[in-house]
1. If you keep only loop residues by DSSP, which GluC sites (Glu not before Pro) in segment 121-223 have at most 12 other Cβ atoms within 10 Å of their Cβ?
2. Taking the chain as a Gaussian network, where each spring joins two C-alpha atoms under 10 Å apart, which residue of A121, A210, A38 fluctuates the most?
3. Which residues' amide hydrogens lie under 5 Å from the amide hydrogen of H180, considering only partners 5 or more residues apart or on another chain, with H built in the peptide plane?
4. Give me the angle, in degrees from 0 to 90, between the Cα long axis of helix 3-18 and the longest principal axis of the Cα atoms of the chain, rounded to the nearest 10.
5. If eta is 1.567 mPa s and T is 4 °C, what Stokes-Einstein diffusion coefficient results for segment 101-223, Kirkwood Rh from Cα pairs, in µm²/s?
6. What does the charge add up to near T203, with Lys and Arg as +1, Asp and Glu as -1, over the other residues with Cβ less than 15 Å from its Cβ?
7. Counting only C-alpha contacts under 8 Å and six or more residues apart, can you give the relative contact order of the chain as a whole percent?
8. For the chain, what is the per residue volume of the convex hull drawn over the alpha-carbon atoms, in cubic angstrom?
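Computed from the coordinates by the stated procedures, all read-outs in this text should not be read as laboratory data. This is a predicted model, so every value here is computed, not measured. Methodologically, a virtual Cβ is constructed for each residue, glycine included, from the backbone with ideal geometry; neighbour enumeration extends over all protein chains shown.
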Amino acid sequence: MSKKMMLLALAVVSAAFFALPAIASAEEIHLEPGNGEAFEVTGPGGELRAESEPTITCEKTDGKGNFDVGSSTTGTTELDFTGCHTTIFGFTAKCRSEGSALDNTIATKGTFHLITTETTAKTFVPAILVTPVTTKIVCAGISSVTVTGNVIGTITSPKCGESSKTVGLSFTATGTKQDHIVYTGKEYDLKAYTGSETTNEKTAALVGTATNTTTNAQKLNCT
């Protein structure tokens with residue numbers, strides 16, 4: 001190979017290297033400074049889908065949360081899904097979490113972890129891993145489903161390296177299977193079981209969007 005051809009090849013390799021995305025592998029990411037920062041959660045609601053179960057649809061999402069003190073990656077959150085209902089035998093039935101004061105509100109809480117997750121294109125995108133407490137949902141006082149496990153959603157805004165007071169989240173699924181379930185090579189899936197059938201857990205999925213709003217701008221650090 002001539003010296004000129006070798007230099008050209010090196011230039012092509014270098015350009016390809018620097019064209020790689022900032023996120024190259026599964027890892028923790030950060031919203032900085034975090035460190036106890038509180039946020040409000042709002043959204044248009046969404047769907048809870050479980051294999052062989054009627055879909056539960058909610059009209060609105062509200063909630064709050066905060067980062068752990070000293071952390072820009074982990075924290076806790078509390079959510080209320082309101083206007084929740086499903087269809088049973090052709091009739092619309094209101095759904096509520098066990099113990100909820102309202103007959104159409106699903107209340108839950110849990111922890112979150114900011115991560116990257118792999119897409120079908122084998123690239124990594126910023127995401128959030130939510131681990132809710134086990135939540136029992138009762139519809140029309142007769143049908144119950146218990147939700148447990150984990151759910152991963154992607155961070156749609158801001159972009160890596162940018163700062164904002166709002167963080168956009170998106171939870172998508174194909175049927176009852178969450179589109180994003182892998183972190184560090186391990187699957188984190190949402191599960192559901194009917195009644196007391198704890199040994200018969202089936203895959204479940206959360207579909208919807210939400211926006212987290214903080215008082216102070218936070219920078220999304222994906223490296």
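1. On the way: sites: E162, E187, E197, E201; in loops: E162, E197, E201.
Sites meeting the loop and neighbour criteria: E162, E197.
2. With Cα springs under 10 Å in the chain, the top fluctuation among A121, A210, A38 is at A121.
3. Those lying under 5 Å, H to H, from H180 are T172.
4. Helix 3-18 sits roughly 20 degrees off the main axis of the chain.
5. Values: Rh = 15.8 Å.
The Stokes-Einstein estimate is 82 µm²/s.
6. Details: positive: R49, K177, K191, K202; negative: E47, E51, E53, D179, E187, D189, E197, E201.
Once positives and negatives cancel, what remains is -4.
7. Working: 585 pairs, mean separation 49.5, N = 223.
That works out to 22 percent.
8. Values: hull volume 32.8 nm³, N = 223.
Cα convex hull per residue, to the nearest whole number: 147 Å³.
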